[in-house]
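Enquirer: Have a look at the structure that comes next, please.
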Amino acid sequence: MCGIVGYIGPQDATPIILNGLKRLEYRGYDSAGLAVLNGDRIEIRRDAGKLSRLAELVNGSPISGSPGIGHTRWATHGAPSARNAHPHLGASGRVVVVHNGIVENFLELKDELTAEGTQFNSDTDTETIVHLVEHHQAAGLDLTEAARRTFNQILGAHGIVLLSADEPDKIVCARIGNAGGVVIGLGENENFIASDIPAILEHTRKVIFLESRQMAVITKEAVRIETLEGLPVQPEVHTIAWDAVSAEKGEYRHFMQKEIHEQVRALTDTLAGRVDFNDGRIRLPELNLTPELAKRIRRIYITACGTAAYAGMVGKTLIEKIARVPVEVVIGSEFRYSDPIIDEDTVVLAISQSGETADTLAAMEEGRKKGAVLWSIVNAIGSQAMRMADGYISMQTGPEIGVASTKAFTAPLVDQYMLAILLADLRGTIDDATRRALVADLRLVPDLVSRTLNSEPEIERVALKLKDIHSCLYLGRGINMPIAYEGALKLKEISYIHAEGYPAGEMKHGPIALIDEDMPVLCLTPKDPWHEKMISQIQQAKARGGVVIAVATEGDELVEGLADHILWVPETPWMLSPVVTVIPLQILAYHIAAIRGLDVDQPRNLAKSVTVE
Ligand code: M6R
């Protein structure tokens, strides 16, 4: 999963693909490859390592021709290696695919294909796609229809590009869910495909964004777009301004909105290279967590500020539940004044998007002074929090520009879930079946987030109804209690509406006095172990005339019968539910602020990186 570039037209595809992939390099990757139709044959060059390695291969053994497709990969299924790098060729050598995303049902599909005699040449989930296409071609379908049938068979969120030596005049691509975009660049007698605009901006400013469950058949003269069900689509052609900032914003009004939508891709990248779904194990090499260290850890302090601290609160539940290590969360600005009890068996884990937040760094220094093992979960590569740490997990979200943090909130939730599993595994506090089940659940995350994002239009309608409120109470319990804090923070920082996150069970000890028809109450009520308790919370708020907005699991008729507005989320394993429940709260805050005409990306008085105490 990472970058995709494709080209069809009179020029040689190879340099266009190499340059395009270069522009996507900032997203990170561990292998790269390209496939070009050279006369009647598809030729492939690919290897583990950087693009310079791919360029070496191409220089040593040049390929020319068109169309062509290329890819940079972060490993999810199988190690970074030449055989696992994309593109993947079918058994006939006549069809080739590149792909971003995770084929959730790949084990079932692989079993079916293997039973039919298909031989797999890689450990990837992607290879199932090309074999399925060939399977349908063998039944008489052309590339477009074979691809359509395949796109309808695979589960999960995907960006996919295919070409076939038997139909050299076209490239077929699709977007399913939000695993990164598929952008089609329109040229004169040539067309381009990419996962992100910067890859093709030097060739064209006219682009079409594929929506979820749309596919395109691209020739050099034309682009035909249809739904996966075969209905024609009249696409909107966008003209991208030449400045890099507008290009980065793409189809979105604000960076915050773009970054909310990038979460599917950010979370897919978060799993890439760390989770091996084949053996059900987690690998976090930069954390430097040895079995010896894992066994001697007696306590973990998580320290962070703002949104990052709320991510840490979710992490506390995960680490304590899965790895059975006591965790305390102390906000960065208090840590050094709280005289924390630290020895060499204590870990101080800092979470920071920027890696430069002064209070978080001061907490790390305090940990260092007292002899703790220092870890960090950081987005900005090379930042101070990354450099200071004995081990780190780098969030794979790409740059976050909106001041209101979104993708740098959900990524550390998944990072901490993985950390908890690894820690439990190394300490021997988890059995094999539980570990495998917890790891298998990770496979669902990108698609669950993608499906939640699809509710944006309904959430926008709720935002319209709430745009003039003066205050809002956010209530949650258990693992979703920090999501109440985070939802309230999102609303207050960009819409300037007073909002308070509160542990729902504490309501009766004071805040209930505030509830009347002018104080909406937002209740986090997914189907988690605290569901029943939250139902009674909704009833109490309704009994006092409160307007209730509920985040609820699809199909929950009980909540539907009680709440005034519902923000639906798909059913999710409870330990991963915060990754999903926070999404509607981000979208709600975003639309309320946008409707109020505020500067969403740079709210007043706030800085993206707070480098002073
Ligand atoms: O860069 P950091 O993650 O260390 O920043 C911490 C907070 O300043 C940050 O999360 C802040 O609360 C955001 N504006 C929240 O959206």
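Enquirer: Amide H to amide H under 5 Å from L522: which residues, 5+ apart in sequence or cross-chain, H placed 1.01 Å off N in plane?
Expert: Here L473, Y474, L475, I549 satisfy the definition.
Enquirer: Another question, then. Which percent of the accessible area of the range 65-127 is formed by carbon and sulfur heavy atoms (probe 1.4 angstrom)?
Expert: So the carbon and sulfur contribution to the accessible surface is 51 percent.
Enquirer: Now, a different point. Ignoring any ligand, DNA or RNA, what whole percent of the accessible area of the range 261-443 comes from carbon and sulfur when the probe is 1.4 angstrom?
Expert: Of the solvent-accessible surface of the range 261-443, carbon and sulfur hold 51 percent.
Enquirer: Go ahead and estimate [θ] at 222 nm for the chain from helices alone: -39,500 (n - 2.57) per DSSP H run with n ≥ 4, summed, over the residue count, rounded to 500.
Expert: Result for the chain: -11000 deg cm²/dmol, rounded to the nearest 500.
Enquirer: In addition: Once fully extended, how much extra length lies between N19 and R53, figured as 0.36 nm per residue of separation less the alpha-carbon to alpha-carbon distance?
Expert: Here the segment from N19 to R53 would lengthen by 10.9 nm.
Enquirer: To continue, here is another question. Once you keep just the Cα pairs under 8 angstrom separated by 6 or more residues, what percentage relative contact order results for the range 472-556?
Expert: Relative contact order here is 31 percent.
Enquirer: Amide H of S376: which non-local residues (sequence gap of 5 or more, or other chain) have their own amide H closer than 5 Å, using H built in the peptide plane?
Expert: A350, G391, Y392, I393
Enquirer: Over all alpha-carbon pairs of the range 3-250, lay out the pair-distance distribution in 10 Å bins, whole %, shortest bin first.
Expert: For the range 3-250, the binned pair fractions read 8, 35, 40, 16, 1, 0 percent.
Enquirer: Using a Förster radius of 60 Å, what is the FRET efficiency between A139 and E506 based on their Cβ-Cβ separation? Nearest 0.05, please.
Expert: 0.45
Enquirer: Return a whole-number percent for the relative contact order of the range 450-595, with Cα pairs under 8 Å and 6 or more residues apart as the contact set.
Expert: Once normalised by length, the contact order is 32 percent.
Enquirer: Compute the acute angle (0 to 90°) between the alpha-carbon long axis of helix 106-115 and the principal axis of greatest extent of the alpha-carbon atoms of the chain; round to the nearest 10°.
Expert: Roughly 40 degrees, rounded to the nearest 10.
Enquirer: Loop sites only, by DSSP: take the chymotrypsin sites (Phe, Trp or Tyr not before Pro) in the chain that have at most 12 other C-beta atoms within 10 Å and name the longest stretch containing none of them.
Expert: Longest run free of exposed loop sites: 338-613.
Enquirer: Here's something else I'd like to know. On a full-extension model of 0.36 nm per residue, what is the gain between D432 and R604, subtracting their alpha-carbon distance, rounded to one decimal in nm?
Expert: 56.9 nm
Enquirer: Write out the GluC sites (Glu not before Pro) in the range 468-563 meeting two conditions: DSSP loop, and at most 16 other Cβ atoms within 10 Å of their Cβ.
Expert: E517, E554
Enquirer: Per residue, how much accessible surface does the range 1-150 expose to a 1.4 Å probe? Answer in Å², no decimals.
Expert: For the range 1-150, the per-residue accessible area is 35 Å².
Enquirer: What percent does the relative contact order of the range 322-374 come to when contacts are Cα pairs within less than 8 Å and at least six residues apart?
Expert: 44 percent
Enquirer: How big is the antiparallel share of DSSP beta bridges in the chain, given as a percent to the nearest 5?
Expert: 60 percent
Enquirer: For the chain, would you read off the P(r) tail past 36 Å as a percentage of all alpha carbon pairs?
Expert: Of all Cα-Cα distances in the chain, 38 percent exceed 36 Å.
Enquirer: Over the range 475-613, with the other protein chains present, what is the accessible area per residue in square angstrom, probe 1.4 angstrom?
Expert: In whole numbers, the range 475-613 has 39 Å² accessible per residue.
Enquirer: To the nearest 10 degrees, how steep is helix 456-466 against the longest Cα principal axis of the chain, on a 0 to 90 scale?
Expert: So the inclination is approximately 30 degrees.
Enquirer: In the range 124-229, which GluC sites (Glu not before Pro) fall in coil by DSSP and have 13 or fewer other Cβ atoms within 10 Å?
Expert: Counting only loop positions with at most 13 other Cβ atoms within 10 Å, the GluC sites (Glu not before Pro) in the range 124-229 are E188, E202, E221, E229.
Enquirer: Which FRET efficiency, nearest 0.05, do A513 and D166 yield, Cβ-Cβ r, R0 56 Å?
Expert: The computed FRET efficiency comes out at 0.15.
Enquirer: State the percentage of accessible surface on the range 450-595 attributable to carbon and sulfur atoms; use a 1.4 Å probe and exclude ligands, DNA and RNA.
Expert: That share works out to 50 percent.
Enquirer: Where in the chain is the longest stretch that carries no trypsin sites (Lys or Arg not before Pro) classed as loop by DSSP and with at most 12 other Cβ atoms within 10 Å?
Expert: Excluding the exposed sites themselves, the longest stretch runs over 299-603.
Enquirer: With a sphere of radius 12 Å drawn around the Cβ of V403, what net charge do the other residues whose Cβ falls strictly inside it have (Lys, Arg +1; Asp, Glu -1)?
Expert: With Lys, Arg at +1 and Asp, Glu at -1, the net is -2.
Enquirer: Mind listing the long-range amide H neighbours of R299? Cut-off is under 5 Å, sequence gap 5 or more, other chains count too, H placed in the peptide plane at 1.01 Å from N.
Expert: Here V347 satisfy the definition.
Enquirer: Give the angle, between 0 and 90 degrees and rounded to the nearest 10, that separates the Cα long axis of helix 127-138 from the longest principal axis of the Cα atoms of the chain.
Expert: 40 degrees
Enquirer: Could I ask something else about it? Place a +1 charge on the Cβ of each Lys and Arg in the chain and a -1 charge on the Cβ of each Asp and Glu, then give the dipole magnitude about the Cα centre in debye, rounded to the nearest 20.
Expert: Here the size comes out at about 860 debye.
Enquirer: Please calculate how many Å² of accessible area the range 261-443 carries per residue, with a 1.4 Å probe and no DNA, RNA or ligand atoms counted.
Expert: Solvent-accessible surface per residue comes out at 33 Å².
Enquirer: Here's a follow-up. Roughly speaking, what is the stretch gain from V237 to A115, that is 0.36 nm per residue apart minus the C-alpha to C-alpha distance, in nm to one decimal?
Expert: Roughly 39.5 nm would be gained on extension.
The values are calculated or read from the model by the stated rules, or taken from the named source; none is laboratory data. Here the structure is a predicted model, which is why all the values come from computation and not from measurement. Note that each Cβ is placed from the backbone with ideal geometry, even for glycine, and that neighbours are counted across all protein chains shown. SASA here: full protein model, heavy atoms, side chains in, ligands and nucleic acids out. Shrake-Rupley method; radii C 1.70, N 1.55, O 1.52, S 1.80 Å.
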